[in-house]
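Since the structure comes first, as structure tokens, the remarks are kept for the end.
The values are calculated or read from the model by the stated rules, or taken from the named source; none is laboratory data. Keep in mind that this is a model prediction, so the values were computed, not measured. Here the Cβ positions follow ideal geometry from the backbone for every residue, glycine too, while neighbour counts run over all protein chains shown. Quick note on the areas: whole protein, heavy atoms, side chains included, nothing else; ligands and nucleic acids left out. Shrake-Rupley method; radii C 1.70, N 1.55, O 1.52, S 1.80 Å.
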Amino acid sequence: MNIFLVIALAILLIVVLLRFKCPIGPAILVGGALIWLIQDPSLEALYKAGYDMLHQPRTYDLLFALYFVMCLEIELRKSGTLMGMVDAFNRFFSSTKVTLATMPCFLGLLPSMGGARFSAPIVDEASKGMSISRESKAAINFWFRHVCEFASPIIPGMILGCAIAHVSIADLVVHLFWMAVVAFAAGWFIMVRPLKFVDKRKKEEMKPYVMKRSIVNIVTAIAPVVVNVILMMAFDMSAAVAMGLVIVAMIPILFLMKRPVAVKDIFVGALDKKLFMNIICILYFIQLLDATGVLQSIIGAFEGSSLPVPVIIACTSLVIGILTGMSQGHVAIVMPIVAGLMPGSLDLVGIAMVFGVAGQMVTPTHVCLTITIDYFKSDFFKTLKPVVLAEAIVLIVFSTYTWLTWAA
């Protein structure tokens, strides 16, 4: 059977399972089982895939990195640091537009399950008394929550993608950081700038102790992410080691700040069984693609195609992003192909990430979009329209730059 037909059938099965609320990991694994049945239904292939997964250092680096990300989220949330940062920005900025854009953006730096639901009330609160439509608030919350999706070193999709493609997280962050700026600018131009209302917010006159507390809250919330980036870039640490050091260091720091969080709450609360199950299923799926010879067949077909490899990867990532609506989905399926075609290529990994994120941003299968629309009770199509326009700007800018630099 044609290899692309096999992949298409597997993706179709995955999408159907996702529609029936099956977790992403098991859904992808079932798709892998279908590929196995068609391509190489042998116990040897199953064993090889499991053996390779368990004996690769990236497996454990990835699992521990994601675990420590969850630990950090608990530390900042339970210590009140996150809400303190929000309150601080509300005091510093007299512009509702600035608050509407920056709050979801900052909260998006720290990934958490259902994160759009956390930022939605903040956007709603910041816009109280303003004549801003439900659709505008929903679009702003959804878009700005994800502008750092391909530029934050602690985004699960980024960690997983780099582990699969064998590229440094720090290198990819440097390579794609400018796209976060483009995404913010596109969102501002399409969604925030056109808002017309009388801004009733006034910059508060803060007493010295309030000013000090506000600055402390902002620094405490942002510092762990910055330190994590420095450790990975300057000292070439793995994501897991860097995040682990940051988490441990935060425990006494929060204690000295009189914001203690119980150690048990941090390390036990971060044991998200669903997340780990999804990641393990995805990693096994990737190894199954290799063990059954699917990756080699796809790479061979791509190498014989008349279309340029970047175009093929871009289209594939976009489509799978639309179908799955999850970063783990397009990363798990496309990144192994990228690693096989051009090992260590930041340019090709960047294309896969940007177009994959674009796909997940314009699809109803994206959970954050559903959560946001449900919270604001907004119209689906009116909410999605400005998001599609902003995403088009992002892709045009990125594609133009990539084409020019690739040709050079």
Region 334-351 residues that are farther than 12 Å from V309 by Cβ, paired with ones that are surrounded by fewer than 19 Cβ atoms within 10 Å (Cβ to Cβ) and not aliphatic (A, V, I, L, M) (beta carbon under 7 Å, 6 or more apart) = A339/H166; P343/H166; G344/H166; L346/D171; L346/H175; G350/H175
Output the qualifying pairs, or none if there are none: Cβ atoms under 6 angstrom, residues six or more apart or on different chains, first residue in region 209-232 and of a type outside the set (F, W, Y), second residue outside any helix (DSSP H, G or I) and open to solvent by 30 Å² or more (accessible area, probe 1.4 Å).
-> V225/L109; L231/M237
In region 315-341, residue nearest to V362 (Cα to Cα) [restricted to those that are among the polar types (S, T, N, Q) and open to solvent by less than 10 Å² (accessible area, probe 1.4 Å)] = T324
Sole miss for S42 among (1) at pLDDT 85 or above; (2) open to solvent by 60 Å² or more (accessible area, probe 1.4 Å) is condition (2)
Kindly provide the set of residues from region 249-264 that are surrounded by 14 or more Cβ atoms within 10 Å (Cβ to Cβ) and either modelled with pLDDT of 95 or more or assigned to a helix (DSSP H, G or I) (or both), ordered by number.
-> M250, I251, I253, L254
Subset of region 57-83 (residues that are more than 21 Å from the chain's Cα centre (by Cα), crowded, with 19+ Cβ neighbours inside 10 Å and assigned to a helix (DSSP H, G or I)) = T81
Within region 342-357, of all residues that are open to solvent by 10 Å² or more (accessible area, probe 1.4 Å) and among the aliphatic types (A, V, I, L, M), the one farthest from I35 (Cα to Cα) is L346
Under the condition of being out of contact with any Ser or Thr (no Cβ under 9 Å at 6 or more places or on another chain) and under 17 Å from I371 (Cα atoms), which residue from region 132-171 is surrounded by the fewest Cβ atoms within 10 Å (Cβ to Cβ)?
-> H146
Single condition F267 does not satisfy, out of (1) closer than 19 Å to S399 by Cβ; (2) surrounded by fewer than 19 Cβ atoms within 10 Å (Cβ to Cβ) = (1)
Within region 365-408, how many residues are open to solvent by 60 Å² or more (accessible area, probe 1.4 Å), of a type in the set (G, A, S) and assigned to a helix (DSSP H, G or I)?
-> 1
Long-range neighbours under 9 Å by Cβ, at least six apart or interchain, first residue within 11 Å of A101 (Cβ to Cβ) and aliphatic (A, V, I, L, M) within region 171-198, second modelled with pLDDT under 95 and open to solvent by 60 Å² or more (accessible area, probe 1.4 Å) | L195/S131
In region 304-314, residue surrounded by the most Cβ atoms within 10 Å (Cβ to Cβ) [restricted to those that are in contact with a helix residue (DSSP H, G or I) (Cβ under 8 Å, 6 or more places away or on another chain) and more than 18 Å from A8 (Cα to Cα)] = P310
Being closer than 22 Å to V334 by Cα and open to solvent by 60 Å² or more (accessible area, probe 1.4 Å) is the filter here, so list the residues in region 19-37 that pass it.
-> R19, V30, L37
Among the residues of region 279-291, is any open to solvent by 50 Å² or more (accessible area, probe 1.4 Å) and farther than 30 Å from S42 by Cα?
-> no
Is region 91-99 home to any residue that is without any contact (Cβ under 8 Å) to a residue 12 or more places away in the chain, surrounded by fewer than 18 Cβ atoms within 10 Å (Cβ to Cβ) and either under 30 Å from P208 (Cβ atoms) or out of contact with any His (no Cβ under 8 Å at 6 or more places or on another chain) (or both)?
-> yes
Failed condition for A186, given (1) open to solvent by less than 20 Å² (accessible area, probe 1.4 Å); (2) assigned to a loop (DSSP other than H, G, I, E, B); (3) modelled with pLDDT of 80 or more = (2)
Looking at S168, is it among the hydroxyl-bearing types (S, T, Y) and in contact with a Lys or Arg (Cβ under 9 Å, 6 or more places away or on another chain)?
-> no
